[in-house]
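What follows is a single structure, written as structure tokens, with notes after it.
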Amino acid sequence: MKEWLCFPAAMMLLASCTGQNGETAKTPDQQAKELMTQVVSCFENGDKAGLKQLFSEHVIQTDEELDGALDSAFALIDGKITSYDPPFGSAMGSHEQKACGGETFHVLTEKGTSYNIAYTGWLTYDSDPSYIGIKGLRVVNATKNEQIPPAERRTVDPDVCILVGEF
């Protein structure tokens, strides 16, 4: 009878010593969505330095136009952000080299202008970890973009779309 009581007690002790603290690891898709949430938060708070830190070391070190492009992205948004659709993010690829991207639609400002914000990047890049992070960012004035005939939308107009990094 004692053996039957000792076995469950030993299993409970073993389970409590596994090092799990109740948190589960985030999936790559959750990590990508979280990164998109951070991007939107930086725009909400006017945090250019925080947004720049989300970029990969590679982009920060090699893109001489990064600071100016980030300034342009913040300047494109015409006021305080009042609401936005839930951020979306996804990831794909191998464990060694996993790409990610995210987008948030209908980022509305107090002036009623709508924007779409998107990023691309890497969650993992084993051959060169300096690539991990955002590699490209796109901010689109969706209100103005809708007024442009579809055939003409392929041209990047700085009053409508700002590309940062390697989008």
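Brief remarks on what is shown
- Residues that are among the charged types (D, E, K, R) and farther than 18 Å from Gln38 by Cα number at least 1 in the following strands (runs of 3 or more DSSP E) confined to the stretch 97-167: 97-109.
- Restricting the stretch 65-85 to residues that are assigned to a loop (DSSP other than H, G, I, E, B) and not charged (D, E, K, R) leaves a set whose member that is farthest from Ser114 (Cα to Cα) is Gly79.
- Figure legend. Inter-residue proximity from the stretch 90-105: first residues more than 25 Å from Asn145 (Cα to Cα), second residues of a type in the set (S, T, N, Q), beta-carbon distance below 6 Å, spacing 6+ or different chains. Indicated pairs: Lys98/Thr124.
- Conditions (1) surrounded by 14 or more Cβ atoms within 10 Å (Cβ to Cβ); (2) at pLDDT below 95; number of the one not met by Thr24: (1)
- Here the stretch 42-97 is the region considered, the condition is being more than 14 Å from the chain's Cα centre (by Cα) and basic (Lys, Arg), and the residue that is surrounded by the fewest Cβ atoms within 10 Å (Cβ to Cβ) is Lys80.
- Residue check for Ser114: surrounded by 15 or more Cβ atoms within 10 Å (Cβ to Cβ), at pLDDT 95 or above, touching a Phe, Trp or Tyr at 6+ places or on another chain (Cβ under 9 Å) and farther than 20 Å from Asp159 by Cβ: no
The values are calculated or read from the model by the stated rules, or taken from the named source; none is laboratory data. Note that the structure is a prediction, hence the values are computed from the model and not measured. Reconstructed Cβ throughout: ideal geometry from the backbone, glycine too, with neighbour counts over all protein chains shown.
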